[in-house]
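The values are calculated or read from the model by the stated rules, or taken from the named source; none is laboratory data. Computed from a predicted structure; not experimentally measured. Every residue, glycine among them, receives a Cβ derived from its backbone with ideal geometry; neighbour counts consider all protein chains shown. The accessibility values were calculated without ligands, DNA or RNA, using every heavy atom of the protein model including side chains. Shrake-Rupley method; radii C 1.70, N 1.55, O 1.52, S 1.80 Å.
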Amino acid sequence: MADRSSVSQLFAPPARVSDGSFYPSHGSYEKMYAQSLENPEAFWGSQAEVQIDWFHQFTQVSDCDLASGMVAWFLGGKLNVCHNCVDRHLSIRGDKVAILWEGDEPGDVRKITYRELHREVCRLANVLRHNGIRKGDRVAIYMPMIPEAAFAMLACARIGAVHSVVFAGFSAEALRDRIQDARCKAVITADEGRRGKKTIPLKRPVDEAVMACPTVEHVFMVRHTESKVPFYEPRDIDLGEAMKNERPYCPVEHMDSEDTLFLLYTSGSTGKPKGISHTSAGYLLYAMLTHRYVFDYREDDVFACVADIGWITGHSYVVYGPLANGATTVMFESIPTYPDAGRYWDMVERHRITQFYTAPTAIRAIARLGDEFVKRYDRSSLRVLGSVGEPINPESWNWYYNVVGEGRCNIVDTWWQTETGGIMITPLPGATHTKPGSATFPFFGIVPVLLDDQGNEIEGNGVSGLLAIKSPWPSMARTIQGDHRRFAQTYLDPFPGYYLTGDGCRRDEDGYYWITGRVDDVINVSGHRMGTAEVESALVSHPGCAEAAVVGFPHEIKGQGIFAYVILKEGFDADAELIGELRNEVRTHIGPIAVPDQILITPGLPKTRSGKIMRRILRKIASQETGELGDISTLADPSVVELLIEKRKGL
Ligand code: WT7
């Protein structure tokens, strides 16, 4: 990738924002950052004391040793995350809107106050309890973006059950695998979801998945679209009906700081998705602090993160961070282009949204449809514009800054991961001079380093390397469900003493961090992580597929698209029907998001003499960057490269 830093502009924080913000200058950020590193125990300890409502104060701030995989924070503390997100606000913000829900149709709005949220969450928690769900039990949540999804997460937290939200775009098979891996005792779902006038079946895939999940005792279903779906009593429970029958109060479970709050599955470089495990106190504290500082959050704001709760962004910045801060958080069911590309800004105007957080892929998708869709609406309420999920290209950054934000708003390009629990590298409004395309500097207490292939730290500026984090932070993932060894092998063992992110990164002459993308076999499609091995194993389950190799390639809207090379078995023809079947195979094994954008049928793949597929070459051919293929003399059959280049041109 070209070095964008050298040509980039430097943007001072817009005056309107820096006036009232917490850190009105870069100097004060640097001072506080330095303090957070000088004495991390004092920094995190005092933050945890002030920010979290404890039932029992912790006795030790941390006990961590990255090299041995030991990470624990706020030991001995007792708290409840739901209490911190709901109950503690009742006396001062009972009538404040907690969740501002906007449905698929513009203006279809529900406003849920903190008092109402408390009652609904209590009722839902009681339903779970009365159906045998106890502290430590796992509950899968497969829901559209409706308030009940947040109620369900918070209800689990309230009774100490561990939720595992599965994105509602994943297939029945993908859902089944995740339910089985976590041994979930129940599933919470809806009849259907809605996205841009289309309905998304949910209960049906749940039924299909649960057939192979003997641990599941109950399926709780919310009636959302009210369409007729199969219903199997006594296993299935109508959640709305059951809640009516429950008392609107439910005591909270006292949880240990290190009790698991949730699992969230994400892709890795091998076929099996990993259940990333986050615990209670550290996750909550970090989600709260980052929500407050990164978005310059203030009491009267209306905060909108339009991510789905199926991803970590939805966990930390739709639900836990904003609610822990007593904010009004927007929950959005629809898509950015329904009914047209002005939908986001229509919402900004109607709800007077102050912070807006989305992914570069959404920005690209609407920017190309024209500025009129933005200018039609009043965006004067906006102060901070956030970006997450993939590197934001400078053109999109500038469009976001100039067209959407009219040069008044701070852009925060936030780098983080499912495993980090919260934002790690980011500008702070009012404090950081930004450069389009750079996530800028680390958050308080975070120590990013660049490593070479041997694990040596690369010092100084104007350097590139593997991005790693040198010291533990409270919301770091603790383990992978059922596989702590894989956790250690993936993140901690490669370079003892460091958490390895899997991203490449450059630190420019001014010390700004520029994420350059994944260095492993993970691709980033529309801001969602997808393992190439997962897509490959879906493809080879087709009877006609002998071998498959999947790589990422540049895609105008998605950032990266999925490119699949497929070798067919004898007797199968490379026709449109077969291509359709291959795509369908991926759709049923994983879901629509994983379906390859391009499938190239080939008689062979570039392999070394020892049989290893040269992915580097496949990536270049897919990207049509074949001018610089490098050394191909080690290939068993170099002629296959010419063939693939020709075939690629013909797609
Ligand atoms: C991967 C993590 C964190 C929530 C959404 C994705 C990429 C994320 C940025 C950014 C460049 C980014 C990285 C990272 N990524 N944010 N601001 N700039 N790259 O969570 O699915 O766990 O994916 O997303 O490659 O490793 P995720």
Per residue and in Å³, how big is the convex hull formed by the alpha-carbon atoms of segment 416-476?
113 Å³
Using 7 Å Cα-to-Cβ label points, what is the residue 50/residue 215 separation (nm, one decimal)?
4.1 nm
Under 21 Å between alpha carbons, and skipping anything fewer than 8 positions from residue 111 in its own chain: which lysines qualify?
96, 244
Using θ = phi - 60° and Karplus 6.51 cos²θ - 1.76 cosθ + 1.60, couplings along segment 406-420 (whole Hz; Gly, Pro as x)
6, x, 9, 9, 7, 9, 10, 8, 9, 9, 6, 8, 3, 5, 8
Take the eigenvalues of the Cα gyration tensor for segment 526-650, scale each by 5, and report the square roots as semi-axes in whole Å, largest first.
22, 18, 13
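Hey, could you grab the Kirkwood Rh for the chain? Inverse mean 1/r over distinct alpha carbon pairs, Å, one decimal.
Working: mean 1/r = 0.0392 Å⁻¹.
Computed over the chain, the radius equals 25.5 Å.
For segment 526-650, what is the relative contact order in percent, using Cα pairs closer than 8 Å and at least 6 residues apart in sequence? Intermediate results must be reported in sequence, preceding the final value.
Numbers: 174 pairs, mean separation 27.7, N = 125.
Reported as a whole number, the value is 22 percent.
Rounded to the nearest 0.05, what FRET efficiency is calculated for residue 39 and residue 567 with R0 set to 45 Å and r the Cβ-Cβ distance?
Details: r = 58 Å, r/R0 = 1.29.
In this case the efficiency is close to 0.20.
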Can you list residues whose amide H is under 5 Å from residue 236's amide H, if they're 5+ apart or on another chain and H is modeled 1.01 Å from N?
219
Non-local residues with an amide H under 5 Å from the amide H of residue 425, with H modelled 1.01 Å from N and Pro and chain starts lacking one, are 415, 443
Set the bar at 29 Å for Cα to Cα. Now go through 569/612; 274/470; 375/558; 228/272; 435/649; 135/198 and name every pair that lies beyond it.
228/272; 435/649; 135/198
Would you mind getting me the FRET efficiency between residue 647 and residue 135? Use the beta-carbon distance for r and R0 = 56 Å, nearest 0.05.
0.50
Accessible area per residue for segment 526-650 in Å², computed with a 1.4 Å probe and the full protein assembly in place, what is it?
46 Å²
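With charges only on Cβ, +1 for K and R and -1 for D and E, what is the dipole size of the chain about its Cα centre, in debye, rounded to 20?
Details: 69 positive and 83 negative charges, 183 e Å.
Rounded to the nearest 20 debye, it is 880 debye.
Multiply the residue separation of residue 352 and residue 199 by 0.36 nm, subtract the distance between their alpha-carbon atoms, and state the gained length in nm to one decimal.
On the way: separation 153, 0.36 × 153 = 55.08 nm, distance 2.86 nm.
Computed gain between residue 352 and residue 199 is 52.2 nm.
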What whole number of Å gives the distance from the Cα centroid of segment 380-416 to the Cα centroid of segment 337-374?
12 Å
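To one decimal place, what Kirkwood hydrodynamic radius in Å is obtained for segment 583-651 from all pairs of distinct Cα atoms? Mind dumping the intermediate values first?
Values: mean 1/r = 0.0756 Å⁻¹.
Taking the inverse mean of 1/r over all distinct Cα pairs, segment 583-651 comes out at 13.2 Å.
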Within the accessible area of the chain, what % is carbon and sulfur when the probe is 1.4 Å and the other protein chains stay in place?
49 percent
Separation of the residue 433 and residue 75 label points, Cα + 7 Å toward Cβ, nm
4.4 nm
Could you calculate the FRET efficiency of residue 454 with residue 238 from 1/(1 + (r/R0)^6), where r is the beta carbon distance between them and R0 is 56 Å, rounded to 0.05?
0.40
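How much of the pair distance distribution for segment 230-334 lies past 25 Å, counting alpha-carbon pairs only, in percent? Kindly include the intermediate steps, with their values, before the conclusion.
Values: 2316 of 5460 pairs.
Result for the distance tail: 42 percent.
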At 1.4 Å probe radius, can you tell me the per residue accessible area of segment 34-93 in Å²?
44 Å²
